1. Counting other Cβ atoms within 10 Å, which chymotrypsin sites (Phe, Trp or Tyr not before Pro) in the stretch 139-179 have at most 12 and lie in a DSSP loop?
2. Rounded if a/c is under 1.5, else prolate if a/b beats b/c, else oblate: with a ≥ b ≥ c from the C-alpha gyration tensor eigenvalues square-rooted, which is the stretch 31-177?
3. Just grab the label-to-label distance for Val164 and Met57, each label 7 Å out from Cα along the Cβ direction, in nm (one decimal).
4. What residues qualify as long-range amide H neighbours of Phe161, i.e. H under 5 Å apart, gap of 5 or more or another chain, H built at 1.01 Å from N?
5. What does the highest-first list of 55-67, 164-176 look like by mean Cβ count within 10 Å?
Amino acid sequence: MVNRSDAKQSASVNDYSPAAMTGPGRSSGSPLLRNRISRGQAAAEFALIAPIVIIVMLVGVQFALIGQAALALSQGASALARYAAVNPGVVGSNGTVTLTTSIKQLLSSSILSHSGNDLTVTIASYKGTTTTTTSSPAYTDRLVVSLSYNAASKIALPNPFFGVRFPTALSASDSQMYE
């Protein structure tokens, strides 16, 4: 003998008629209806998450651009200090330096935007003796090269962007002993 409830369950498993799909008490629906609901849910989740992911990516790219400029500035300070130490007097000894062609060749093109007007190069020479804890003081003759860069041209997003403030003033310095 077959129960009525067993007969009804076996009939609903194999019956894909519209009445069986939308009948009372049906919570899961047919496979076709479940696929439509899943696709709609995925689209809604994507629409909610996509703007957040795009904003995070934009902020990351912006910091990468600023980091690249900071790295170029640091390498430029090192190269310029080495050049000034090997060729004393060619670059200058004290004060602000004008960017000549030979100096521009030592620097990255990424920090020479606006013909180098965003970049300030300062050289300071130090001579004399220093007293340290050693038995005899060492004679020093060194220079310090400082580069300052206005990175406002590197910022593509509004500053601040959703509460994130990007640095606009970058600086780097390096010192070398005269040879």
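1. Here the sparse-neighbourhood loop sites are Phe162.
2. prolate
3. The modelled label-to-label distance comes out at 1.3 nm.
4. Long-range HN contacts for Phe161: Phe166.
5. The packing order, highest mean first, is 164-176, 55-67.
No value in this document is a laboratory result; all are computed from the given coordinates. Keep in mind the model is a prediction, meaning the values are calculated, not measured. Here the Cβ is made from the backbone with ideal geometry for all residues, glycine too, and neighbour counts use every protein chain on show.
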